[in-house]
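Here the structure comes first, spelled out in structure tokens, and everything after it is commentary.
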Amino acid sequence: MSDISIAYIVFNRPRHTRETFEAIRAQRPAKLFIIADGPRPDHPTDADRCQVVRDIVQHVDWPCEVYRNYADQNMGLKRRISSGLTWVFDSVETAIVLEDDCLPHPDFFIFCQNLLERYKDDERVWVITGNNYQNGKRRGDSAYYFSKYGHCWGWASWRRAWKHFDGELSFWPNWKGTDDWCRKMPDPYEQRYWIDILDRVHQHKINSWAYAWLATLWYHGALTATPRVNLVTNIGIGPDSTHTHAFEDEPGTPVSPLGAMTHPATIEQNLRADQYIFDHLLEGRNLKFPRKYLAFPRRIKNKIVRVLKGRP
């Protein structure tokens, strides 16, 4: 697979690692950056499971430059992933990023490789995602559209974009509520939804690199290229997940072939698609209809909590 670099983030889940590592092996990337967190001191099985995972990814049996960034002690998701990605982008200009529970369709790599080259110098585009949560609704006539939502279950980016990552959200107190913020969040329910979340991220009440990255994208007005079909499924929703917990293993959103690689005529946000994300994926429609919301408080509360933790 030419000279594309893959950043692969692992932790303590051998079953998921075996499956996703096979998808990477099939692509035979020229450069592989492996980022691993250390075991948690209060989880007695972590040390063994982390070691099993590291043993799995030790077996790189194709010509490849392998770089490893392994933490001896647990850093937590925010510090481990953000510092690991900074380490990657200090070394390469572009990278495809996969976590151990993100299983890609082969077309995901082709999609990323094509767009990393096409938009390498376009400061409007910062992210290429493999995720589509439009439930089959077609957005435009091309292979992808542009969104403000930088979904991160399988994505790619450039050094020029990641260098702006602000994990502390230093810009947030002065930016929220401004004309620019309101222009980028025209739905008042969406404004309140994200102000609540980003306030808590800024106050260190939510330990999330992904929310900080998403807010950074919004602050800079960056766009994300989003495929017309879903290209990456999360196989990690289950009882042993850190932030997408469920009582049983659950299947992720199915993947599909991308089809012909056609490009949009203009580079602009698809407002209808993004409104759909808020209304349906993030359950914004339930916030807009109080009677419906109050009729099923436990069901909706549980759904929103799961979304806040990263599960669609």
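The values are calculated or read from the model by the stated rules, or taken from the named source; none is laboratory data. Because the structure is predicted, anything quoted here is derived from the model rather than measured. FYI the Cβ positions are ideal-geometry reconstructions off the backbone, even for glycines, and counts take in every protein chain you see.
Out of all the residues in the range 27-52, which are charged (D, E, K, R), surrounded by 13 or more Cβ atoms within 10 Å (Cβ to Cβ) and outside any strand (DSSP E or B)?
Initially, the range 27-52 is screened for residues charged (D, E, K, R), giving 28, 31, 37, 40, 42, 46, 48-49.
Narrowing further to those that are surrounded by 13 or more Cβ atoms within 10 Å (Cβ to Cβ): 28, 31, 37, 40, 46, 49.
Listed by number, the residues that qualify are Arg28, Asp37, Arg40, Asp46, Arg49.
Just to be sure before I move on: is Lys184 crowded, with 16+ Cβ neighbours inside 10 Å and modelled with pLDDT of 95 or more in the structure I sent? The answer is yes for Lys184.
Here is the figure for the range 153-163: residues that are surrounded by fewer than 22 Cβ atoms within 10 Å (Cβ to Cβ) and either closer than 20 Å to Asp101 by Cβ or of a type in the set (D, E, K, R) (or both) total 3. For the range 53-107, a residue qualifies if it is assigned to a helix (DSSP H, G or I), touching a residue at least 60 places away in the same chain (Cβ under 8 Å), farther than 17 Å from Arg40 by Cα and hydrophobic (A, V, I, L, M, F, W, C), and the qualifying residues are Leu85, Val88, Phe89.
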